[in-house]
Amino acid sequence: MVTARKCLFLATASLSLLLPACASTDSAGLAGSKATIDTDIAYVLAVEQKAKPAGVRVVWVHPPKQRTDD
């Protein structure tokens, strides 16, 4: 019984130390990123112009993106 109580305490203590550490990493991965990501309009127009004469209707679920570094 004492061993189970110690294991439970150890698990609770380790989780209480690990979870706040994960929450404090706000935007560490985005610190140096200075890029804008927009829809690739030229590609969208090219595909839709090719599809129109063929009678195909294009529905973009995930429009193509283009990254431009600032």
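Filter segment 55-70 down to residues that are in a loop (DSSP other than H, G, I, E, B) and either surrounded by 10 or more Cβ atoms within 10 Å (Cβ to Cβ) or hydroxyl-bearing (S, T, Y) (or both), then give me how many there are.
Applying the first criterion (in a loop (DSSP other than H, G, I, E, B)) to segment 55-70 yields 55-64, 70.
Those still in the list that are either surrounded by 10 or more Cβ atoms within 10 Å (Cβ to Cβ) or hydroxyl-bearing (S, T, Y) (or both) too: 56, 58, 60, 63-64.
Within segment 55-70, residues that are in a loop (DSSP other than H, G, I, E, B) and either surrounded by 10 or more Cβ atoms within 10 Å (Cβ to Cβ) or hydroxyl-bearing (S, T, Y) (or both) number 5.
Counting only residues that are small (G, A, S), within 30 Å of P64 (Cα to Cα) and under 25 Å from the mean Cα position of the chain (by Cα), which one in segment 5-50 is modelled with the highest pLDDT? Outline the logic, then answer.
First, pick out the residues of segment 5-50 that are small (G, A, S): 11, 13-14, 16, 21, 23-24, 27-29, 31-33, 35, 42, 46.
Subsequent filtering for residues that are within 30 Å of P64 (Cα to Cα) retains 27-29, 31-33, 35, 42, 46.
Subsequent filtering for residues that are under 25 Å from the mean Cα position of the chain (by Cα) retains 27-29, 31-33, 35, 42.
Details: S27: 61, A28: 60, G29: 60, A31: 58, G32: 63, S33: 64, A35: 78, A42: 94.
Looking at residues that are small (G, A, S), within 30 Å of P64 (Cα to Cα) and under 25 Å from the mean Cα position of the chain (by Cα), I get A42.
The values are calculated or read from the model by the stated rules, or taken from the named source; none is laboratory data. What you see is a predicted model; the values in this text were computed from it and never measured. Here Cβ is always computed from backbone atoms with ideal geometry, including for glycine, and neighbour counts include all displayed protein chains.
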